[in-house]
Amino acid sequence: MSLVSIPGYPYEHHDQQGIKSFLDDQFGTPALNELFPLLWLVATQKHHHISALHHQLIRGREILITDEPKLHLLWYYRTVFIKPIPEYIVDDNFRKTYIDGSNDPELIKAVNGFLRSWSYLIKCQADYDIALELKLLPKQWRDGEEEFSKISGFLLPFRSVHMLDGVTKRYHYGELRLTRINFYNRFYRLEFYYHKTHEQYGSYFGRFMDPFLVIFGSVSVVLSAMQVILATASTEELGAAERRLQKTTRWFSVACICLILGAILLFLVLLVTLFMREFVYAVWGTPKQKVQSGNSPA
């Protein structure tokens, strides 16, 4: 069977099954589909909750290009990930043969959801100009004065795709917050993160410092206030209420010490966990070299 080249991907040549696997990787979002029961905690429950490209810039977000479907329309503080429209999706022969003619309904739903999201990203000429500048559109749509109207005509039918039956579960929602996805992913899918956002230990642990400083500062103020109250009277002069306060203060002080020690222990456990995880990854990722007879250097 002859191999088919994929428009826009010069190194990809596959048979029909290979193209199916390629398209699954290009549009599939299995992890987000699995997290679907919790997505209402992550984002607004509207599939059209998507800011147009010009509005992304108004909100102060930097648009980062990604080829990973799992990151499409995920935002992280001042950045938002957007997957460009690939060239093969606007190639009529390729789309009709390998997507529209596919026997996999999940693939068709994923493509429908992806293109429907783009119908909300490009709403006006300004959005089209931004997409051109960032090279988010296929080459066929970058030339000519009437390309914007062609794009609108291509994307418009996907707006009417039925929300429940026509798209995958991920595309029942629009933009998703990456920090919340990472948080719920730990408990629901038992993975350390959905997408790694910190490359260095310093930046990872740095995000814990502000809340811990607030907690420790508050605890210090409370302990100081208790010391002032108890210092105003000697032990003999303490009444029943003061004695109860003294007992409460003692236990609260012990609890604060345990809290501080627990926080330190948590940091150490996280540090060891991260180190061991990278160590195991490095060990398993090391290629095993097999020395064959006759191939060793003389």
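In table form, for the structure just shown:
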item	result
Tally of residues being surrounded by fewer than 16 Cβ atoms within 10 Å (Cβ to Cβ) and hydroxyl-bearing (Ser, Thr, Tyr) across region 6-55	4
Matching option when the condition is modelled with pLDDT under 95 and surrounded by 14 or more Cβ atoms within 10 Å (Cβ to Cβ), among Tyr120, Tyr128	Tyr128
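The values are calculated or read from the model by the stated rules, or taken from the named source; none is laboratory data. Quantities reported herein were computed from a predicted structural model and do not represent experimental measurements. Cβ atoms come from the backbone with ideal geometry, glycine included; neighbour counts cover every protein chain shown.
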